[in-house]
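Notes follow the structure.
The values are calculated or read from the model by the stated rules, or taken from the named source; none is laboratory data. All values derive from a computational prediction rather than experimental measurement. All Cβ positions, glycine included, derive from the backbone under ideal geometry; neighbour counts span all protein chains shown.
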Amino acid sequence: MTSKTEKLLSLLNGQPVIPVLKIANVADAVPLARALSRGGLRAIEITLRTADALEAIRRVTAEVEEAIVGAGTILDARQFDEAARAGSTFIVSPGITSQLLEAAKDSPVPLLPGAITPGEIMAAREAGLRFLKFFPAEQSGGIASLKAFASPLADVKFCPTGGITAGNAADYLSLPNVICVGGSWVAPDDLIRAGKWNEIEALAREASKLKK
Ligand code: 3PG
């Protein structure tokens with residue numbers, strides 16, 4: 001395992017679920033991160049799918065000491081650099097490209113890239129990565145695919161994301177090659193819009209109790 005993978009695993013510190021966040025209103029970023037942290041989910045992924053995502057990363061990094069802020073939906077090297085400069089402590093991408101791998105190689109910030117096929121997983125492995133996002137999980141064979149990877153790709157572990165819910169997360173987490181899962185179910189758009197931080201905290205608390 002590379003030192004950057006070790007760094008990423010130590011940041012996650014056994015947390016079973018990484019909340020995948022889409023923050024439309026930057027003013028929501030800090031209360032949202034606080035609610036998730038109170039619920040036991042300190043490591044969060046703020047996706048670059050909204051105009052103010054980088055500002056959200058900066059604010060949470062500056063104001064929520066307990067949060068471990070990652071950036072998600074990173075599609076290229078430029079976004080990787082912007083997210084790292086904004087203070088992200090880890091970077092998640094839906095897939096894997098040579099430019100992204102190059103950017104990650106030159107950065108101290110660990111990358112969790114998506115991979116679905118044996119070839120993509122092998123390309124990531126060649127780049128020294130042993131911990132990958134399996135995305136989109138449910139749409140790509142889900143638990144059956146991950147079970148099939150366990151023997152031939154035995155030294156690679158996964159964070160399945162995409163279609164994971166409170167209903168199926170425990171089944172994913174029971175697999176030996178799954179370290180954690182990612183998902184948006186702990187911070188649904190409507191609860192964020194309504195500022196229902198206590199409800200998000202409760203969802204996070206349930207998720208944080210899932211066993212790995
Ligand atoms: C995503 O990047 O959209 C994540 O995979 C979250 O997927 P979900 O909304 O199905 O949890």
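Do you know which residues across segment 140-174 are within 22 Å of LEU111 (Cβ to Cβ) and more than 18 Å from the chain's Cα centre (by Cα)?
SER145, PHE149, LEU153, ALA154, ASP155
With respect to the numbered conditions (1) touching a helix residue (DSSP H, G or I) at 6+ places or on another chain (Cβ under 7 Å); (2) without any contact (Cβ under 8 Å) to a residue 60 or more places away in the chain; (3) on the phi > 0 side of the Ramachandran plot, which one is the sole condition not fulfilled by ILE68?
Of (1) touching a helix residue (DSSP H, G or I) at 6+ places or on another chain (Cβ under 7 Å); (2) without any contact (Cβ under 8 Å) to a residue 60 or more places away in the chain; (3) on the phi > 0 side of the Ramachandran plot, only one is false for ILE68: (3).
Taking THR89 as the residue in question, decide whether it is surrounded by fewer than 24 Cβ atoms within 10 Å (Cβ to Cβ), more than 16 Å from THR161 (Cα to Cα), touching a residue at least 40 places away in the same chain (Cβ under 8 Å) and under 18 Å from the mean Cα position of the chain (by Cα).
Considered against the rule, which asks whether it is surrounded by fewer than 24 Cβ atoms within 10 Å (Cβ to Cβ), more than 16 Å from THR161 (Cα to Cα), touching a residue at least 40 places away in the same chain (Cβ under 8 Å) and under 18 Å from the mean Cα position of the chain (by Cα), THR89 comes out as yes.
Pull out all pairs, ordered by first then second residue, where Cβ-Cβ is under 9 Å, the residues are six or more apart or on different chains, the first lies in segment 127-153 and is free of Cβ contacts under 8 Å to residues at least 60 places away in the same chain, and the second is among the charged types (D, E, K, R) and assigned to a strand (DSSP E or B).
Filtered contacts from segment 127-153: LEU132/LYS157.
Is at least one residue of segment 197-211 basic (Lys, Arg), at pLDDT below 95 and farther than 22 Å from THR50 by Cα?
yes
I'm told PRO19 meets every condition in (1) loosely packed, with under 15 Cβ neighbours inside 10 Å; (2) under 21 Å from ALA194 (Cα atoms); (3) not aromatic (Phe, Trp, Tyr) except one. Can you identify the failing condition by its number?
Here PRO19 clears every test but (1).
Which pairs turn up if I take residues in segment 180-193 that are closer than 17 Å to GLY14 by Cα and look for partners that are part of a loop (DSSP other than H, G, I, E, B) and more than 9 Å from the ligand (Cβ to nearest atom) with beta carbon separation below 6 Å, at least 6 apart in sequence or on another chain?
Note: pairs meeting the criteria are CYS180/PRO16.
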